[in-house]
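**Student:** One structure follows; several queries about it will come next.
Every number here is computed from the coordinates shown, using simple stated rules; none is lab data. The model shown is predicted, which means the values in this text are computed figures rather than measured ones. Note: ideal-geometry Cβ built from the backbone for every residue, glycine included; neighbour counts use all protein chains shown.
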Amino acid sequence: GSTIGIIGGGQLGRMLAMAAARLGYRTIVLEPQPDCPAAQVANRQITAAYDDPAALAELAAASAVVTYEFENVPVAAATALAAKVPVYPPPRALDVAQDRVSEKTFLNGIGIATAAFHQVDTDDELAAALKAFGGSGILKTRRMGYDGKGQRVFRNMEAGGFAGTCEGMGNVPLILESFVQFEREISVIAARGLDGTVAAYDPAWNVHRDGILHTSTLPAGVAPATARDAKDAATKILSALDYVGVIGVEFFVPADGSLLANEIAPRVHNSGHWTEAACIVSQFEQHIRAIAGLPLGSSNRHSDCVMENLIGDDVLRVPALLAEPDLMLHLYGKAEARPGRKMGHFTRISRRG
Ligand code: ATP
Ligand code: MG
Ligand code: MG
């Protein structure tokens, strides 16, 4: 079989490598951190920075196709690589998703609603933007944020008195988003094949704890029309980006059942881990199928389920979890359980369809 290149060696890369192996592919991982979760599974690791030209040339030469497991792959590196070997998802998806302003502008441009937003580069612009939102909003770094890092919430603030806020956020480009009063958060995992076929999984209801995904629950408990709209929006995004591979799309669902897209992740997504336990074809296999030019598999869900992340010391629950029937456990092979670190996850099957 041929070799699939993966940029990034975390748990998502590891799960992609496992799915690739099961379909008979070899994998090669580019990751600066030695003995990373993905390298324990992949056939080979190139231990170098993600934008190291020699390493990228080596990856291109060794791979039939290259993919990535995180959205902050340098766009220039992905674009240079794409001149030598197919890179999926397309580097444009990285470009759009890496900046919250370009992401929302793209979504609004294809008719998908988001929270209202303003670009903020100075304390005065922050004051004006907050005033426009009636004193409430979420200030976020435009780039590099994850797990709720690089965010600050403002509630019912009078405009003014913001001296030093932008500096406190690191003097980087910022965005102020209006504060969305949502009933729940959902996400759709969807895939688009090389032939343009799309397969979308049912939306999951996502609950966060300390800014990190805690649980994803299926079914999501939203109206059928809302679930359909979410899948349709994901499909529209995939087509507009001429996308190949799996994408994760996060939404807010206000009480009226409408949808506001929050962000897109051009990769397999934590809120899609449930698919390995409740679908015949997981998001990981679906991604490998898509980028390898194979037909997509079914995205049907055969069971209701709840996926829960194991963060830091949560791994102490493993012995008890192993004793449960109808529970699929997945550990990432990380030696040290630091606070906030994703160590694994499990999915409880609650009802078989
Ligand atoms: P991720 O780890 O999902 O990539 P992130 O750091 O990119 O997270 P967001 O998804 O933008 O951050 O925000 C984190 C969480 O903060 C959201 O899941 C939601 O609960 C809350 N949140 C973000 N933006 C808004 C908003 N405009 N209105 C209300 N709540 C919000
Ligand atoms: Mg994000
Ligand atoms: Mg998010």
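**Student:** Can we say Ala265 is more than 10 Å from ligand 1 (Cβ to nearest atom) and in contact with a strand residue (DSSP E or B) (Cβ under 8 Å, 6 or more places away or on another chain)?
**Tutor:** no
**Student:** Somewhere in the range 218-227, is a residue part of a strand (DSSP E or B) and under 23 Å from Val153 (Cα atoms)?
**Tutor:** No, every residue in the range 218-227 fails to be part of a strand (DSSP E or B) and under 23 Å from Val153 (Cα atoms).
**Student:** Right, next: Which of the residues that make up the range 134-145 are away from ligand 2 (no atom under 16 Å from the Cβ) and either outside any loop (DSSP other than H, G, I, E, B) or closer than 30 Å to Ile291 by Cα (or both)?
**Tutor:** Within the range 134-145, the subset away from ligand 2 (no atom under 16 Å from the Cβ) is 134-137.
Hit for the range 134-145 is Gly137, nothing else.
**Student:** Here is a list: Phe154, Phe133. Which entry is within 13 Å of ligand 1 (Cβ to nearest atom) and touching a helix residue (DSSP H, G or I) at 6+ places or on another chain (Cβ under 9 Å)? Steps first, please.
**Tutor:** Working: Phe133 fails: touching a helix residue (DSSP H, G or I) at 6+ places or on another chain (Cβ under 9 Å).
None of the other options fit; the residue is Phe154.
Okay, residues lined up against (1) part of a helix (DSSP H, G or I); (2) within 11 Å of ligand 1 (Cβ to nearest atom):
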{"residue": "Val101", "(1), (2)": "yes, no"}
{"residue": "Phe106", "(1), (2)": "yes, no"}
{"residue": "Gln119", "(1), (2)": "no, no"}
{"residue": "Ala127", "(1), (2)": "yes, no"}
{"residue": "Asp147", "(1), (2)": "no, yes"}
{"residue": "Cys166", "(1), (2)": "yes, no"}
{"residue": "Val172", "(1), (2)": "no, no"}
{"residue": "Val180", "(1), (2)": "no, yes"}
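**Student:** Filter the range 117-133 for residues that are acidic (Asp, Glu) and surrounded by fewer than 16 Cβ atoms within 10 Å (Cβ to Cβ); which is nearest to Leu176 (Cα to Cα)?
**Tutor:** Per the stated criteria, the residue is Asp121.
**Student:** Between Val318, Val246, Val306, Val253, which is among the β-branched types (Val, Ile, Thr) and over 22 Å from Glu185 (Cβ atoms)?
**Tutor:** Selected residue: Val318, the only one of Val318, Val246, Val306, Val253 that is among the β-branched types (Val, Ile, Thr) and over 22 Å from Glu185 (Cβ atoms).
**Student:** Among what's in the range 45-73 and is in contact (Cβ under 8 Å) with a residue 60 or more places away in the chain and in a loop (DSSP other than H, G, I, E, B), pick the residue that is farthest from ligand 1 (Cβ to nearest atom).
**Tutor:** The residue in question is Ala64.
**Student:** Of all the strands (runs of 3 or more DSSP E) wholly in the range 241-314, which have at least 2 residues that are surrounded by fewer than 24 Cβ atoms within 10 Å (Cβ to Cβ) and more than 16 Å from ligand 3 (Cβ to nearest atom)?
**Tutor:** Output list reads 303-311.
**Student:** What pairs come out if I take residues in the range 134-163 that are under 17 Å from Ser178 (Cα atoms) and touching a residue at least 24 places away in the same chain (Cβ under 8 Å) and pair them with residues that are of a type in the set (D, E, K, R) and assigned to a loop (DSSP other than H, G, I, E, B) whose C-beta lies under 6 Å away, six or more apart or interchain?
**Tutor:** Ser136/Arg155; Arg142/Asp99
**Student:** For Thr27, only one of the following conditions fails: (1) polar (S, T, N, Q); (2) more than 20 Å from Lys84 (Cβ to Cβ); (3) surrounded by 19 or more Cβ atoms within 10 Å (Cβ to Cβ). What is its number?
**Tutor:** All conditions pass for Thr27, except number (2).
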